[in-house]
Amino acid sequence: MAKVKISNLKKSFGDLEVLKDINLEVEEGEVICIIGPSGSGKSTMLRCINALEEATSGTIVVDGNEITGNHANINLYRRNIGMVFQQFNLFPNMSVLKNITFAPVALKIMDKAKAEEVAQGLLKRVDMVAKADAYPGQLSGGQQQRVAIARALAMNPDVMLFDEPTSALDPEMVGEVLNVMKQLAHEGMTMVVVTHEMGFAREVADRVIFIDEGYIVEQGPPSEVFGNPQNERTINFLNMVL
Ligand code: ADP
Ligand code: MG
């Protein structure tokens with residue numbers, strides 16, 4: 001069974017039809033990189049998977065649970081899906097440790113001591129142990145994003161969604177965040193990553209998906225999508241970004 005199954009997904013904002021007919025299955029442990037022009041619907045698709053946006057029609061099933069049309073359990077469902085945003089979105093008034101422990105403790109998934117133990121382990125994984133007591137404003141962008149990844153992992157998600165996680169970073173910090181993501185991929189995490197980092201997509205993705213104007217226009221292994229793109233729109237896009 002696919003970890004994520006999106007069928008005939010459509011999403012409009014008023015008269016603007018953003019997602020026109022998206023069909024996608026993500027297997028357990030698969031790393032999918034989504035590329036495409038600005039405004040093509042990449043973020044909207046991720047936000048639909050995480051129920052931050054309500055689909056206009058179609059179905060999304062994660063781990064056998066249908067999100068679309070089942071609003072009673074949205075919070076339960078969201079726990080299973082980690083999301084990392086371009087702008088980090090850490091809680092500015094909480095220490096790094098508190099950022100990570102807050103949700104699991106508030107939702108009574110762990111007691112405080114257990115959550116702190118888990119958080120320390122996660123901080124080690126993202127190489128941020130020394131900053132446990134710092135506040136987000138005291139950290140670089142790359143450090144904040146590594147904490148944001150640790151925070152998402154604290155909920156022990158089945159799937160991680162990344163929406164251009166390195167786009168807001170100074171160039172010298174991109175690598176440290178991509179390295180954490182690479183490590184996660186190698187550990188078998190199911191990941192859907194919207195990114196402009198074509199080197200990362202080439203190296204880490206099992207499948208690259210090109211979205212344009214609300215449709216998946218082309219998909220395949222990175223060697224094929226980058227090495228031998230078939231669709232004219234993919235070719236034009238890659239010519240602009242590569
Ligand atoms: P991408 O992530 O590929 O750049 P988005 O999914 O963010 O694209 O946006 C796709 C289109 O949907 C854009 O035209 C954007 O302006 C529009 N859009 C996104 N979110 C909203 C919203 N909440 N209300 C109205 N329009 C939106
Ligand atoms: Mg976007």
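For the chain, the alpha-carbon radius of gyration amounts to 1.01 times the rule-of-thumb value 2.2 N^0.38 Å expected for a compact globular protein.
Placing dummy labels 7 Å off each Cα toward the beta-carbon, the span from Leu238 to Ala113 is 5.6 nm. The distance between label points at Ser57 and Asn75 comes to 3.2 nm (points 7 Å beyond Cα on the Cα→Cβ vector). Considering only alpha-carbon pairs that sit under 8 angstrom and 6 or more positions apart, the relative contact order computed for the chain is 26 percent.
Remark: region 85-148 carries a charge dipole of roughly 80 debye about the Cα centre, counting +1 on each Lys and Arg Cβ and -1 on each Asp and Glu Cβ.
Net charge dipole, the chain: roughly 760 debye, given to the nearest 20, about the Cα centre with Cβ charges of +1 for Lys and Arg and -1 for Asp and Glu.
Evaluate E = 1/(1 + (r/R0)^6) for Tyr135 and Asn228, where r is the Cβ-Cβ distance and R0 equals 41 Å; express this FRET efficiency to the nearest 0.05. E between Tyr135 and Asn228, to the nearest 0.05, is 0.30. With the chain treated as a Gaussian network of Cα nodes joined by springs under 10 Å, which of Pro37, Pro222, Pro92 yields the largest mean-square fluctuation? Maximum among the listed residues: Pro92. DSSP bridge analysis restricted to the chain gives an antiparallel fraction near 55%, rounded to the nearest 5. For Lys114, a cut-off of 27 angstrom between C-alpha atoms picks up these lysines, skipping any fewer than 8 places away in its own chain: Lys98, Lys124, Lys131, Lys182. Annotation note: GluC sites (Glu not before Pro) in region 182-215 located in DSSP loop regions with a Cβ neighbour count of at most 10 within 10 Å are Glu187. For the chain, adding -39500 (n - 2.57) for each run of n ≥ 4 DSSP H residues and dividing by the number of residues yields -11000 deg cm²/dmol at 222 nm.
Here, each number is a calculation from the coordinates, and none is a lab measurement. Keep in mind that this is a model prediction, so the values were computed, not measured. Note that we place each Cβ from the backbone using ideal geometry, even for glycine, and neighbour counts take in every protein chain shown.
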